[in-house]
Amino acid sequence: MSSVKSRREQYSQATKTAILEAATRRFAEYGFAGTTLEDVAADIQASRGAVYHHFANKIALLESVLDVLETEMIRKVSEAGSGATQPWQAGLLAVEAFLDCCCDPVYGRVVWQEAPIALGWQRWKEHEGKYSYGLIEQLITAALDSGDIPPLPLEPMTHITFHILGAAGMALAEAGEADKPRVRAEYLQTIAYMLVGGRR
């Protein structure tokens, strides 16, 4: 009996994963408004009811897609800074990894263009804060403790840095593919100067 249940659970999880992957592709290509739950179901040859079994509505599906994208972004950013010997170096490596994620057309469009409109500014900002705000605070705390940056108040520093990185993410999402390398380099240079006085 337990093995039957296990197979059922595995099938359910596989279906949920397939739905999330299909929805991610749809949101990135057609946008939130241009995607229906029927489209997502058709892409994986499932019924609309199968989608509703896992997600109450399209907003819930988008939020789950964001969870997947942001979790992967946090993983990449955390790994990028983990090998640095100095906190300020860890911070810059983390910023570079974040900008790389924002250059990805799927991450860029879903996170920075579709989600703010679909969720509304306040709800989207809360969602972003759940993932990146804590990591930013951690990196700034380490840089403050080491003396790599001036002893300024942590909360304003974290808040301002959060919005600086958000501006970079939005700019990269809106940039054409040919312009992304230039925009990335310009924002990295500017952020490095603003956060650590240009130390490289």
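The values are calculated or read from the model by the stated rules, or taken from the named source; none is laboratory data. Model, not experiment: these values are computed from the prediction. Every residue, glycine among them, receives a Cβ derived from its backbone with ideal geometry; neighbour counts consider all protein chains shown. Areas reflect the complete protein model, heavy atoms only, side chains present, ligands, DNA and RNA absent. Shrake-Rupley method; radii C 1.70, N 1.55, O 1.52, S 1.80 Å.
Tyr11 fails exactly one of the following numbered conditions: (1) surrounded by 13 or more Cβ atoms within 10 Å (Cβ to Cβ); (2) free of Cβ contacts under 8 Å to residues at least 12 places away in the same chain. What is the number of that condition?
Tallying (1) surrounded by 13 or more Cβ atoms within 10 Å (Cβ to Cβ); (2) free of Cβ contacts under 8 Å to residues at least 12 places away in the same chain, Tyr11 fails exactly one: (1).
Specify the residue that is surrounded by the fewest Cβ atoms within 10 Å (Cβ to Cβ); the eligible residues are those in segment 96-140 that are within 30 Å of Ala178 (Cβ to Cβ) and among the aromatic types (Phe, Trp, Tyr).
Among them, the one singled out is Trp121.
Could you tell me whether any residue of segment 45-53 is over 26 Å from Tyr131 (Cα atoms), free of Cβ contacts under 8 Å to residues at least 60 places away in the same chain and of a type in the set (A, V, I, L, M, F, W, C)?
yes
So which pairs qualify, if the first residue must be in segment 95-107 and closer than 12 Å to Glu72 by Cα, the second must be open to solvent by 20 Å² or more (accessible area, probe 1.4 Å), the Cβ gap must be under 6 Å, and the two must be at least 6 apart or on different chains?
Ala97/Lys76; Ala97/Ala80; Tyr107/Leu69
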